[in-house]
Amino acid sequence: MIDVGQIAQHVSDGDSFHIPVGLWEMLPVWLRGAHSHPGQIPLPAIGDLQLTRFMVLEAVAGLLMAAIFIPLARRMRAGGPPRGLAWNLLESMLVFIRDRVARPAIGQHADRFLPFLWTTFFFILFCNLLGLVPWAGSPTGALAVTGALAGITFAMVFAAGVVAHGLKGYFAHMIPHMDIPVVIAVLLKPGMLAVELLGLAIRHIVLAMRLLANMFAGHMVLAVILSFIAAAAKTALWLWLGVSLASILGAAALSLLELFVAFLQAYIFTFLSAIFIGMSIQGH
């Protein structure tokens, strides 16, 4: 019988990794922990900080990025054409973010924001792909992670606007120029500034919620599809076989869709981040 809870745990954090009991019994005792429950690999605490599954997976995503892109950057710095499928694929993705996302959205100052946009794209992508690994988890299916990413983007957008216009000029450029009497302007412009600031906050809240909803929903739908197998387990054998086959085929198709969504959501988050940065730098 399929343990649907294992799939649902992809989008819920915890202080341990959950794996099938059979595989858990094959692990060494030091990895299982002396007092752990069967099927759970506990995570240690560093002082008062308890490590969680998503913390580990985010660290894994960061280490994978460093292991891949530091050697790639050294090869590119040495010159010469790209060689191999992996090099061509990664470089094409980097060029796409630069030419099709950053420069059209931000303009002439786009290149200074490329490290941030590249890092954002690949970090989200790696976290999304880790969500497809059995018994791992999807950090981008948690509001704490997507909220932190949106918060970092908000800080970058604010910093870009302040550097480009100065603190006073940044708030001033949010209000479009209007040829109106001073008395009306005193009453109207503060309200318009408040609306613009509220819109700025809402844009980044939606940025976090969009990524969260898409990654969370995919895993939950997959869990529901596979739960049909468990629900039909006590019925007739022919019905259970039919439901199982349909559920497995549906889960396989949905997993392929999730692979596409992993790339798509990383792109959308990066694209919207570039647009917000461009809006902060450029005036109305």
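With a Förster radius of 30 Å, plug the Cβ-Cβ distance of Ala185 and Ala164 into 1/(1 + (r/R0)^6) and report the FRET value to the nearest 0.05.
0.80
If you line up the long axis of helix 143-172 against the longest principal axis of the chain, both from Cα atoms, how many degrees apart are they, to the nearest 10?
10 degrees
Please arrange Met279, Met215 by counting, for each residue, the other beta carbons lying within 10 Å of its beta carbon, fewest first.
Least to most surrounded, the residues fall as Met279, Met215.
Relative to the longest principal axis of the C-alpha atoms of the chain, give the angle of the C-alpha long axis of helix 182-231, reported between 0 and 90° and rounded to the nearest 10°.
Orientation of helix 182-231: about 10 degrees from the principal axis.
Grab the DSSP H runs of the chain that are 4 residues or longer, score each as -39,500 (n - 2.57), total them, divide by all residues and round the 222 nm result to the nearest 500 deg cm²/dmol.
Result for the chain: -23500 deg cm²/dmol, rounded to the nearest 500.
Let me have the relative contact order for the chain, percent, based on Cα pairs under 8 Å that are six or more residues apart.
Worked out over the chain, it gives 27 percent.
Using the alpha-carbon centroid of each, what span in Å lies between segment 171-219 and segment 60-84?
Going from one Cα centre to the other spans 39 Å.
Any idea how far apart Ile202 and Ser12 come out in nm if each label point goes 7 Å out from Cα toward Cβ?
Between Ile202 and Ser12, the label points sit 3.3 nm apart.
Say each of Met65 and Val195 gets a label point 7 Å from the Cα, pointing the same way as Cα to Cβ; how far apart are those two points in nm?
Once both label points are built, they end up 3.7 nm from each other.
Of the peptides 134-146, 242-254, 81-93, 98-110, how do they stack up when ordered by the mean number of other Cβ atoms within 10 Å, highest first?
Numbers: 134-146: 21.6, 242-254: 14.8, 81-93: 12.1, 98-110: 16.9.
With the highest mean Cβ count within 10 Å placed first, the list reads 134-146, 98-110, 242-254, 81-93.
With θ set to phi - 60°, apply the Karplus curve 6.51 cos²θ - 1.76 cosθ + 1.60 along segment 243-257 and write out the HN-Hα couplings as whole Hz, x wherever there is a Gly or Pro.
Couplings: 5, 4, 4, 5, 5, 5, 5, x, 5, 5, 5, 5, 5, 5, 5 Hz.
Values in this text are rule-based calculations from the coordinates and carry no lab data. Quick caveat: nothing in here was measured; it's all calculated off a predicted structure. A quick note on method: Cβ atoms are made from the backbone with ideal geometry, for glycine too, and the neighbour counts reach across all protein chains shown.
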